[in-house]
1. What nm value, rounded to one decimal, do you get for the distance between I288 and E151 when each label is placed 7 Å out toward the C-beta?
2. Specify which residue in the list F106, T203, L261 is farthest towards the positive end of the charge dipole of the chain, using unit charges on the beta carbon of Lys, Arg (+1) and Asp, Glu (-1), about the Cα centre.
3. Would you calculate, for the chain, the mean residue ellipticity at 222 nm contributed by helices, counting each DSSP H stretch of 4 or more residues as -39,500 (n - 2.57) and dividing by all residues, to the nearest 500?
4. Hey, can you grab everything whose amide H is under 5 Å from the amide H of L171? Only 5+ residues off in sequence or another chain; H modelled, so Pro and N-termini drop out.
5. Explain nothing, just compute: Karplus ³J(HN,Hα) = 6.51 cos²θ - 1.76 cosθ + 1.60, θ = phi - 60°, for every residue of segment 239-245 in order, whole Hz, x for Gly and Pro.
6. Suppose every Lys and Arg Cβ carries +1 and every Asp and Glu Cβ carries -1, with no other charges. What dipole size does segment 1-142 come out with about its Cα centre, to the nearest 20 debye?
7. Taking amide hydrogens as modeled 1.01 Å from N in the peptide plane, which residues meet the under 5 Å criterion relative to E235, leaving out close sequence neighbours?
8. Most fluctuating residue of Y119, Y241, Y32 in a GNM of the chain with Cα springs under 10 Å: which is it?
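Read the figures in this text as sums done on the coordinates, not as results from a lab. This one's a predicted model, so the numbers in the text were calculated from it and none came from an experiment. Every residue, glycine among them, receives a Cβ derived from its backbone with ideal geometry; neighbour counts consider all protein chains shown.
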Amino acid sequence: MAEVRPAGAPTVLRVVLGKRLHDLREKAGLSYEEAGRALDVTHAIVRRMEKAEVGLKLPYVEKLLRVYGVTDAAEVEGFLDLAREANRPGWWHRFRDVLPEWFSAFVSLEGEANLIRAYEPHYVPGLLQTERYARAVLRAGMPHAPEADIERAVAVRRERQSLLTREGAPLLWVVMDETVLRRPIGGPDIMREQVSRLAEATTLPNVRLQIMPFAAGPHPAMYGPFHIFRFPLPELPDIAYAENLVGASYFDQREDVSAFLEALDRMCAQAAPAQTTEAVLGGIRKEI
């Protein structure tokens, strides 16, 4: 199973430019070693640039473009402008003290995707959490963290949520287990507020929420939560993300992502239809 572990939490744009450099090198018929000799560096440096494992040094990029046969001044400058932008830290960089490195990559992918699909069996997804619910979840997950760290982590979620109402917002399609709505997080008031927030979210044109009821029985993803990201950029394949207690795995190989997609498609057919979600949430809210 191929696994992608982004080093240094690269921005999505850096990944895209790395793939473009890879394509240009192959089109020019050059090996890693030959490209490295042109820069007077090891072949590993070129490989790491293409895999977005290091920042894109502008002199290296400019020289590689010319070695690869890109001679148009406007095209070279346009590529360099994109490289400068790719090297800038994302907004989440200022929260690096409370944001794990492996999750920084998730935030970058989330911000560039035009389709986000997810299965969540434990908690309301971060993009749909209220602040009080988020605070309670974070406190449970970080029992020894100072209060200031919890508040900064809540601020990260608040910042992430802004993408749902921005221009060109992605489609968020979530299958959420009924367990999420039945598990008391932070007390009845917080849960009622959270369920109401979910009901409001279903009125957004770019949010589709389905509930997997207990009565539906077993389903293909009972092993745990995951996300699938799809992008408008042709250089980026679909990427699946699966989280665990101490980190996460990112998958971009077609056969791996297809397994996640197939499971989620089957679950969408098995879960309650999206048009019934508001009524389901209303019934559960009355029971809290």
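1. 2.5 nm
2. It is T203, whose Cα lies furthest towards the positive end.
3. Per the formula, -15500 deg cm²/dmol.
4. So L171 has HN proximity to L115, I116.
5. Using θ = phi - 60°, the values come out as 10, 9, 10, 10, 9, 9, 5 Hz.
6. That gives a dipole near 380 debye.
7. Those lying under 5 Å, H to H, from E235: there are none.
8. The residue that fluctuates most here is Y32.
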